[in-house]
Structure formats: structure tokens, C-alpha cells
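Written below as C-alpha cells is the structure these notes are about.
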Amino acid sequence: MLRKTAFPALAMMLAAGLAHAASTPPDFVGTDAPFASNAIYFVMTDRFVNGDPSNDQRDQGGAHPTFDIPVPGAPKGQSANIGYLGGDFKGVLDNAGYIRGMGFGAVWITPIVDNPNEAFTGGDPVSWGSKFTDRGKTGFHGYWGVNFYKLDEHLPSKGLDFAQFTAAMHKDGLKVVQDIVANHGSPAFTMPKAQPMFGQIYDKAGKLVADEQNLPPYRLDPVRNPLHRFYHAYDDLVQLSNNDDQNPAVLEYFVGAYLQWADQGADAFRIDTISHMSTTFWKQFAARIRARHPGFFMFGEAFDYSPDNIGQYTWPQNGGISVLDFPLRGRIADVFEHPGSDYAKLLDRLYLTNGPYANPYELVTFYDNHDMARLDASDNGFIDANNWLFTARGIPAIYYGSETGFERGKAEHQGNRNYYGQQRVDAASKSPIYQHLKRIASLREKTPALQRGLMLPLRFAGNQAAFYRVYQKGDMHQIALVLLNKGDTTAQFDVSDYLQAGRWTSAFSGAAINVSEGGSLHADVAAHDVQVYLLDAVAKRADLVAELTRLMDERGHPER
């Protein structure tokens, strides 16, 4: 009797399950990484705003002073600087409202760890426009760490150490991305006379654990000298010490240091020079950080325009660390620095299906930073680039000052890293670049499809680009139609491909367009502008669902 009653009950359960499955729409998600909701504002802390002059250390360095060192050879009316200029935590915190008000959810700050207290006397002298030159330069940028457990004295203020800074930023609605370095420390050799701290690394207790002793790497003796064991016995980047990623002590040191800062409120890491250490190192590092901070977001800098080279860092077996999207950045410069260029140049760097990345939607997208010439574009070029960056796939990052076209086209020793200052912050709202950036960044901030949705290209040709972003999961279902015009005249768009019937609403004006089955959507997009139309509905149109399913199934690297 039990058998006879069990089968009908089981059949009813199966039928109910199938009915539920049939009524549950599929997931269409680019990424569900929580950090992807945030656009990033990148601040070179010393060059943003001097909020507290009392921590400037203006008398530091003795015979090799560290404050305000102009780069020699500057053309008339131009300048650059290789000394400290006073920017600090307070300067960033004082302007949290400014950053948040533009639509950013996170601030990426340069490394916070202790750097040498003198200007470097080795290497080649810095001159106007020079590259890979460090003589006369200081660690104002933060990338010359000597004690990775200690906060650099130029950054904190009374009552504002790193933990207090992150807590205050969180209160103002901003996450903190900490820039970290593991592959190198400070310049370590070629000094006429050894300088304190250079080429040295200290532990949390202040004990010296590594010292290159002003020796060229080939003269290091890690077998007999314990202070040399931290380093490879070959050089890497200019005169910087080259940490040995195969030495377990190096891994322990940096895991300990960066867990300390994560425990004090860092929300994510940007990893400098990730490609200069092995994926074995990074897999172990990432696992150790995420064991204490599950899901901790990290993205690395592999300064390489080859997607095959940088994609490997994103794979789970190599640590699952995202990267800065250099391949796309190269095309962004091609397109937005040159009026009349073709949007089609961007398409083959999106890698939306079967590409080199574990997930292309988690890449950090950008058009310039502190290590390259700033975008050399007109105001309209910046506006167009931002309209693209904040609607296309990826997590957008904007370098400080780009909201006003600050020092456009300038490289490192030509003004790229110049001081911004409170006066420029206060005047930024007058810039058309700022005004349009705030408009599109604020839209992304409140539009899940633009943050995390799949991207389905429709038209990329000449001055026009059109694509869908679709996010569908659980109770959230949103289809965004993005229309971009970088031309000098109004562009007309007629979209019918994959266009689902329904009431489409303009994200900016609120005006609605009713689209019937098999119909089209017509829109005029002003010169150097963007329009976004939203349909808050489950994707039902058969060809749209089929294409989204393909994008979902083939989202990452085919073998990862």
C-alpha cells in the first residue's frame, strides 16, 4: 500500500518542481561581485589635497630634503615635482562629499606604508619628461616601502590613523581601495654612499629583516648573508629591490602586513606590478587574505596590453585576482583622443565570450593613471570617454583631476602627478567634464544593469555605439539600452534588434516610449551625449533570451 501511494505523491512533487522551474526566469548576470557596484576614484594621496600641514615633514631629509623638489628643465609655464607636497588622509576625508557626490563608491589611495626619509641619490637623474629615472626623487608616491607594517608619517593626523580614516570614509559612504606592493621595496643600489632605509625592509617590531647594502643584485649572497635572502640576486625594475617570491618568508611577511591593513578597514586591494611575481605566490596570498576576509576584492596591475598575458591572473587556479584592463584602455585612447575615430575599435577588446579572463565584467576599466600619460583629449573627448566607461562592462576607475581634464596628455615627469589642491576641487563643478561625469556616474550608481549586467552589443560604427546591459536575478530584472554619440551633431538611433516590447523609460528625463511587439525604438542623442532607456521587466523575447543565454554560458575563459 505504501508503494502505491508513494508514486502519485512523487509524481505530483516532480510536476510541481517542473512547473516552478518553467516559471522561474533564468539568471542573466555579468557579475555578482559586491565591489562591482562601485565606481572608483583614484587619488595619489600626496598630490590631492593637503588637509593637515602639520604632517608635511618639511624639514625632513637633511642634505637630501624631501619636500617640494621641482623637476629641472620644465618649459615656461609648466612644472612637475618629485618631492612631497603635503596631501594626506585628512585632505581625502575632507573631500569625501565631493568624491561621493560625483557618483563614486570607492576611493583608491596610493600605498600607505613607510617610505625612506631622504631623496634618492642613485640611479639616473630626473629631468623634464624622463622615464625610469629616480635620482633626486622621494617616496611621495608610496611605492618605495621599507616597513610595510608601519604607516608613513606624511599621511595621518592626530585622531586620524588608517583605521580611523577608513571608518570615517565608510561613514561617508565610500569604500577604501588600498594600493599594495609585494614585488619590490625602495631603491636599493647605485648610491654613491649608502643611505638610511634605502634597500632595507623592517618587520612589525622594527627589526631589520632585509638589506641590499647598496650592492648590485649580482653581488648579493643569500646563502651566507641572511639579510640578502629576501631578494632575488638579479635586478628587475630600475634600482628597486627585487623581493624573492619563492621565499616563504616573503609570503609570510606580506600576508601579515596586508592582513593588518585589511583588518583596519581596507575594502579592496589594488596590487602593484602583479606580473613581476609568480601566480603561485598570488594564489597563496589571495587565499590567505580571503580566509580572514571572504570575498575580498583584488585587482592587479600588469602593465601589458596583451590579454593573453594578463588574463591568467584572473583564473581561479591562479588566485582569482582581477586586473586593470590595459588592452581595452589602449583602444579607449585610440577612440577618444581622436575625433572621427570609429567605435568599432572597442569591440574586439571587450572579450564578452570565451575570452582570456575568468570574468570580463570584473575588470577595472580606465583611460589613464599615474604611470602613463594622461588622456590627451578635448573636453568632449573626456565626456565621451566617461559616457563609455560608466555604461560598458567593467568597474570604472577615474584618476584624480580627470574630472576637469587636469594636466591632460602629461606624463610622469611632465605634470601627470602634479598637486591638485582644494582650490581646484572647489572649482571643479564649473567644468563641463565634471558635469557630464557626475551625470553618468550617478546613473550607474543607481542602475544595477549598468553595474553588473551582461553586455550585448548592437551597433558599433563611426560615432555611434548601441548596446544592451541586462541584469536578471531573483526579484531584480532590468534591461538597459545604451545609446552613445561622440559626434559633433545629433545622432538618430532606430533600434529593433532584440528589442522587447514594453514601456521603456528614459533614465535621464523619465519620459516613456511604448514599444509594441516587433516594433522599434527611435531616439535622438545630442552631440557628445548618451541616452539610456530602461525596461524593468523579465527578458522574454525569444531571440533576446537566446543571445543572453549564450553570453551567460560563454562569459569567461572556455577552460576556466
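The one condition from (1) outside any helix (DSSP H, G or I); (2) touching a helix residue (DSSP H, G or I) at 6+ places or on another chain (Cβ under 8 Å); (3) surrounded by 20 or more Cβ atoms within 10 Å (Cβ to Cβ) that ASP371 does not meet is (3). What's the number of the condition HIS477 fails, among (1) out of contact with any strand residue (DSSP E or B) (no Cβ under 7 Å at 6 or more places or on another chain); (2) open to solvent by less than 40 Å² (accessible area, probe 1.4 Å); (3) in a strand (DSSP E or B)? The single condition HIS477 does not satisfy is (2).
Of all residues in the range 135-152, those being assigned to a loop (DSSP other than H, G, I, E, B) and more than 24 Å from VAL49 (Cα to Cα) number 1.
Quick test of your reading of the structure: GLN423 fulfils all but one of (1) in contact with a Ser or Thr (Cβ under 9 Å, 6 or more places away or on another chain); (2) within 26 Å of PRO396 (Cα to Cα); (3) free of Cβ contacts under 8 Å to residues at least 24 places away in the same chain. Name the failing condition by number. Result: GLN423 passes all but (1). Note on the range 67-111: among residues that are of a type in the set (Ser, Thr, Tyr) and closer than 21 Å to ASP272 by Cβ, the one that is farthest from the chain's Cα centre (by Cα) is TYR84.
Counting only helices (runs of 4 or more DSSP H) that sit completely within the range 384-459, those holding 1 or more residues that are closer than 22 Å to THR45 by Cα, open to solvent by 10 Å² or more (accessible area, probe 1.4 Å) and among the aromatic types (Phe, Trp, Tyr) correspond to 432-445. Considering the range 513-555, and only residues there that are of a type in the set (Ser, Thr, Tyr) and in a loop (DSSP other than H, G, I, E, B), the residue that is farthest from TYR351 (Cα to Cα) turns out to be SER516. Pull out all pairs, ordered by first then second residue, where Cβ-Cβ is under 6 Å, the residues are six or more apart or on different chains, the first lies in the range 144-170 and is in contact (Cβ under 8 Å) with a residue 60 or more places away in the chain, and the second is part of a strand (DSSP E or B) and crowded, with 19+ Cβ neighbours inside 10 Å. Note: pairs meeting the criteria are TRP144/SER186; PHE148/VAL113; HIS154/TYR84; THR166/VAL176; MET169/VAL176.
Against the test of being closer than 25 Å to ARG331 by Cβ and either among the charged types (D, E, K, R) or in contact with a helix residue (DSSP H, G or I) (Cβ under 9 Å, 6 or more places away or on another chain) (or both), the options ALA491, ALA466, ALA449, ALA527 yield a single qualifying residue, ALA527.
No other residue among LYS171, LYS193, LYS158, LYS175 is open to solvent by 30 Å² or more (accessible area, probe 1.4 Å), touching an Asp or Glu at 6+ places or on another chain (Cβ under 7 Å) and over 23 Å from PRO70 (Cα atoms) apart from LYS175. Of all the numbered requirements in (1) open to solvent by 10 Å² or more (accessible area, probe 1.4 Å); (2) not in a helix (DSSP H, G or I), GLY487 misses one, and that requirement is (1).
For the range 314-352, the candidate set comprises residues that are β-branched (Val, Ile, Thr) and either in a helix (DSSP H, G or I) or open to solvent by 50 Å² or more (accessible area, probe 1.4 Å) (or both); within that set, the residue that is nearest to PHE299 (Cα to Cα) is THR314. Within the range 88-129, being assigned to a helix (DSSP H, G or I), touching a helix residue (DSSP H, G or I) at 6+ places or on another chain (Cβ under 6 Å) and open to solvent by 10 Å² or more (accessible area, probe 1.4 Å) holds for LEU93, TYR98.
Listed here are the residues, each with its yes/no results for (1) under 28 Å from GLY122 (Cα atoms); (2) outside any helix (DSSP H, G or I); (3) in contact (Cβ under 8 Å) with a residue 24 or more places away in the chain.
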| site | (1), (2), (3) |
| --- | --- |
| PRO222 | yes, yes, no |
| ASP236 | yes, yes, yes |
| GLN246 | yes, yes, yes |
| ALA266 | no, yes, yes |
| GLN284 | no, no, yes |
| PRO294 | no, yes, no |
| GLY311 | no, no, yes |
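Which of the residues spanning the range 490-512 are in a loop (DSSP other than H, G, I, E, B) and open to solvent by 10 Å² or more (accessible area, probe 1.4 Å)? Those that are in a loop (DSSP other than H, G, I, E, B) and open to solvent by 10 Å² or more (accessible area, probe 1.4 Å): THR490, SER496, ASP497, TYR498, GLN500, ALA501, ALA507, PHE508, SER509, GLY510, ALA511. Just checking, does the range 115-132 include any residue being touching a strand residue (DSSP E or B) at 6+ places or on another chain (Cβ under 7 Å), closer than 19 Å to TYR399 by Cβ and touching a residue at least 12 places away in the same chain (Cβ under 8 Å)? Looking for residues that are touching a strand residue (DSSP E or B) at 6+ places or on another chain (Cβ under 7 Å), closer than 19 Å to TYR399 by Cβ and touching a residue at least 12 places away in the same chain (Cβ under 8 Å), one finds none in the range 115-132, hence no.
The values are calculated or read from the model by the stated rules, or taken from the named source; none is laboratory data. The structure presented is a predicted model; accordingly, all values stated were derived computationally and were not measured. Cβ coordinates were reconstructed from backbone atoms using ideal geometry, including for glycine residues, and neighbour counts include every protein chain displayed. SASA here: full protein model, heavy atoms, side chains in, ligands and nucleic acids out. Shrake-Rupley method; radii C 1.70, N 1.55, O 1.52, S 1.80 Å.
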